[in-house]
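The values are calculated or read from the model by the stated rules, or taken from the named source; none is laboratory data. Values in this document were obtained by computation on a predicted structure and should not be read as measured data. Heads up, the Cβs are rebuilt from the backbone with ideal geometry, glycines too, and the neighbour counts pull from every protein chain shown.
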Amino acid sequence: MTETLWPAPVATTAVDATITIPGSKSVTNRALVLAALAGEPGWVRRPLRSRDSQLMADGLRALGVGIEEQVNNDCGGIGGGEAWRIIPAGTFTGPARIDVGNAGTVMRFLPPLAVLADGPVHFDGDPRSHERPQHGVIDSLRALGARIEDGGRGGFPLTVHGTGSLDGGVVELDASASSQFVSALLLSGARYNQGVEVRNTGGPVPSLPHIRMTVDMLRLAGVQVDAPEDGGEPDVWRVTPGALLGRDLVVEPDLSNAAPFFAAALVTGGRVTVRDWPKHTTQPGDQLRDLFTRMGGSCRFVNKHSVDEGLEFTGSGRIHGIEADLHDVGELTPVIAAVAALADSESVLSGIAHLRLHETDRLAALAKEINELGGDVTETADGLRIRPRRLHGGVFHTYEDHRLATAAAVLGLAVPGVLVENVATTAKTLPDFPAMWTELLGQAAG
């Protein structure tokens with residue numbers, strides 16, 4: 001099979017652009033699940049339309065949920081544009097078959113919902129989904145009374161034998177591999193007869209901001225949740241049983257997907273403004289403001305004629321190395337590593353051992369691919385040490401990982417001849433990335 005290679009564009013001048021980032025995958029897929037569990041129809045406006053969100057929508061449709069896709073041009077402002085009307089199924093239907101692809105939110109969030117179906121629900125996905133950890137969800141659902149057949153694999157393919165209800169209650173699990181194990185149980189927990197109490201018995205949970213996002217969205221849907229950050233017991237989350245409200249929710253831009261665009265400002269000494277950046281958010285991607293400022297840039301919220309324009313990030317023309325614990329924001333690692341490879345001093349990225357279990361082993365992949373372009377990256381027990389070197393062109397393999405592809409594009413800004421394998425994998429969360437990237441540089445040149 002012939003590789004599909006995309007020549008990463010080289011920046012010939014400082015970027016100067018204003019862009020619109022598609023909606024958050026994390027918010028979109030949580031909103032779809034909560035709307036499906038609600039007792040009344042709801043709306044999800046400005047959703048992300050990508051492979052991951054389409055897999056979630058298709059999975060819910062297979063269970064009897066109605067999802068009507070509409071374009072609303074009459075609502076104006078940030079709520080305008082595409083909208084999905086969600087009509088709950090009441091009782092989820094089985095038998096059903098669901099393709100999880102390689103989407104962590106789909107493979108973790110839908111089995112806890114499928115136990116409420118009135119028949120068997122079979123799950124399968126891409127080959128990589130068979131390798132990703134699922135034991136936290138499977139073991140927890142079994143402990144709560146669910147019947148799941150997985151051939152002893154602790155992963156996919158698997159069948160959830162739904163009985164229309166689940167007792168729920170207290171469950172202990174090791175969530176040190178993924179925060180999604182906790183979010184998965186919390187999202188459906190209000191529909192269990194006794195609710196759910198999730199106790200993490202493992203090491204620190206990665207990506208804690210994503211659990212806070214889950215908790216906040218549950219509360220907005222009328223669910224009572226007790227969480228550690230509210231003064232509750234450490235590593236314990238409780239969801240009280242009860243009905244969920246149908247909501248009219250506008251999805252925020254996916255702040256993590258702003259990483260390559262802000263990186264372009266940092267690498268070229270330019271300026272990029274991302275429209276509709278929220279001033280208050282639970283998205284981990286908001287930490288880009290601090291991380292990239294430490295690496296040599298600056299940012300500010302822009303207001304023109306009493307209208308919020310968004311968040312403007314400006315590069316200084318220099319890139320500094322960084323020592324950063326990225327445990328809570330692991331998804332930002334690939335682009336940060338790419339920027340660090342172009343910096344004026346060494347960087348150490350830590351707290352991210354869990355990235356070895358993501359779409360690919362991201363730590364091994366980043367080290368291998370940057371080094372093959374002439375870099376000096378070594379893996380540590382829980383991260384990467386990056387010593388900047390003069391880089392050269394070559395093929396950058398992406399391992400069907402969208403964030404590896406955007407990292408390669410960032411390197412290509414400063415390194416002629418970078419050829420990105422399968423850039424189309426960016427459609428997982430950032431549809432039309434190549435066109436957006438070309439337009440970003442085109443605006444600079446124009």
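Is there a residue being under 22 Å from Gly285 (Cα atoms) and either assigned by TED's automatic domain parsing to the domain that holds Gly351 or in contact with a helix residue (DSSP H, G or I) (Cβ under 6 Å, 6 or more places away or on another chain) (or both) anywhere in the stretch 165-175?
Yes; the residues of the stretch 165-175 include at least one that is under 22 Å from Gly285 (Cα atoms) and either assigned by TED's automatic domain parsing to the domain that holds Gly351 or in contact with a helix residue (DSSP H, G or I) (Cβ under 6 Å, 6 or more places away or on another chain) (or both).
Condition (residue is in contact (Cβ under 8 Å) with a residue 60 or more places away in the chain, surrounded by fewer than 16 Cβ atoms within 10 Å (Cβ to Cβ), assigned to a loop (DSSP other than H, G, I, E, B) and in contact with a Pro (Cβ under 8 Å, 6 or more places away or on another chain)) applied to the stretch 342-363: is it met by at least one residue?
Checked against the condition, which is being in contact (Cβ under 8 Å) with a residue 60 or more places away in the chain, surrounded by fewer than 16 Cβ atoms within 10 Å (Cβ to Cβ), assigned to a loop (DSSP other than H, G, I, E, B) and in contact with a Pro (Cβ under 8 Å, 6 or more places away or on another chain), the stretch 342-363 yields no hits at all.
For the stretch 384-406, enumerate the residues that are part of a strand (DSSP E or B), at positive phi and either surrounded by 24 or more Cβ atoms within 10 Å (Cβ to Cβ) or out of contact with any strand residue (DSSP E or B) (no Cβ under 9 Å at 6 or more places or on another chain) (or both).
Answer for the stretch 384-406, where residues must be part of a strand (DSSP E or B), at positive phi and either surrounded by 24 or more Cβ atoms within 10 Å (Cβ to Cβ) or out of contact with any strand residue (DSSP E or B) (no Cβ under 9 Å at 6 or more places or on another chain) (or both): there is none.
Considering (1) among the small types (Gly, Ala, Ser); (2) within 22 Å of the chain's Cα centre (by Cα); (3) on the phi > 0 side of the Ramachandran plot, say which one Ala177 fails and leave the rest.
Condition (3) is where Ala177 drops out.
Taking interchain pairs and intrachain pairs at least six residues apart, which have beta carbon atoms under 6 angstrom, with the first residue in the stretch 110-124 and in contact (Cβ under 8 Å) with a residue 24 or more places away in the chain and the second in a loop (DSSP other than H, G, I, E, B) and of a type in the set (S, T, N, Q)?
Asp118/Thr91
Working only within the stretch 193-245, note down all residues that are basic (Lys, Arg) and over 23 Å from the mean Cα position of the chain (by Cα).
Residues satisfying the conditions are Arg199, Arg238.
Of everything in the stretch 50-70 that's among the small types (Gly, Ala, Ser) and more than 18 Å from Gly162 (Cβ to Cβ), which residue is surrounded by the fewest Cβ atoms within 10 Å (Cβ to Cβ)?
Gly66
Return the residues of the stretch 302-311 that are in a strand (DSSP E or B) and exposed (fewer than 13 other Cβ atoms within 10 Å of the Cβ); say none if nothing qualifies.
Within the stretch 302-311, Asn303, Lys304, Val307 qualify.
Name, by its number, the condition in (1) surrounded by fewer than 17 Cβ atoms within 10 Å (Cβ to Cβ); (2) touching a residue at least 60 places away in the same chain (Cβ under 8 Å); (3) over 24 Å from the mean Cα position of the chain (by Cα) that does not hold for Thr438.
The failed condition is (3).
Take the residues in the stretch 129-153 that are outside any helix (DSSP H, G or I) and either among the acidic types (Asp, Glu) or under 23 Å from the mean Cα position of the chain (by Cα) (or both); name whichever of them is surrounded by the fewest Cβ atoms within 10 Å (Cβ to Cβ).
If we take residues in the stretch 129-153 being outside any helix (DSSP H, G or I) and either among the acidic types (Asp, Glu) or under 23 Å from the mean Cα position of the chain (by Cα) (or both), then Glu149 is surrounded by the fewest Cβ atoms within 10 Å (Cβ to Cβ).
How many of the residues in the stretch 117-150 are of a type in the set (A, V, I, L, M) and closer than 14 Å to Val196 by Cα?
Total satisfying the criteria: 5.
Considering only residues that are among the β-branched types (Val, Ile, Thr) and in contact with a Lys or Arg (Cβ under 7 Å, 6 or more places away or on another chain), look in the stretch 315-333 and name the one that is nearest to Ala17 (Cα to Cα).
Checked the stretch 315-333; the qualifying residue nearest to Ala17 (Cα to Cα) is Thr333.
From the list Thr293, Thr333, Thr314, pick out the single residue that is surrounded by 23 or more Cβ atoms within 10 Å (Cβ to Cβ) and touching a strand residue (DSSP E or B) at 6+ places or on another chain (Cβ under 7 Å).
Thr333
Just the residues that are touching a helix residue (DSSP H, G or I) at 6+ places or on another chain (Cβ under 7 Å) and farther than 25 Å from Asp432 by Cα, please, taken from the stretch 21-53.
Answer for the stretch 21-53, where residues must be touching a helix residue (DSSP H, G or I) at 6+ places or on another chain (Cβ under 7 Å) and farther than 25 Å from Asp432 by Cα: Val33, Leu34, Ala36, Leu37, Gly42.
Hydrophobic (A, V, I, L, M, F, W, C), in the same structural domain as Val33 (by TED's automatic domain parsing), touching a strand residue (DSSP E or B) at 6+ places or on another chain (Cβ under 9 Å) and farther than 28 Å from Asp286 by Cβ: does that describe Leu158?
yes
How do the pairs read when you match residues in the stretch 387-412 that are in the same structural domain as Leu357 (by TED's automatic domain parsing) with residues anywhere that are of a type in the set (Asp, Glu) and assigned to a loop (DSSP other than H, G, I, E, B), using Cβ under 6 Å and keeping only pairs 6 or more apart or on different chains?
Going by the 6 Å Cβ cut-off, the qualifying pairs are Arg387/Glu346; Asp401/Glu359.
Does the stretch 215-237 contain any residue that is closer than 30 Å to Thr406 by Cα and in contact with a Leu (Cβ under 9 Å, 6 or more places away or on another chain)?
Yes - at least one qualifying residue is present in the stretch 215-237.
What are the residues in the stretch 154-166 that are in contact (Cβ under 8 Å) with a residue 40 or more places away in the chain and part of a loop (DSSP other than H, G, I, E, B), if any?
Phe156, Gly162, Thr163, Gly164, Ser165, Leu166
Any chance the stretch 319-338 includes a residue that's more than 25 Å from the chain's Cα centre (by Cα) and charged (D, E, K, R)?
no
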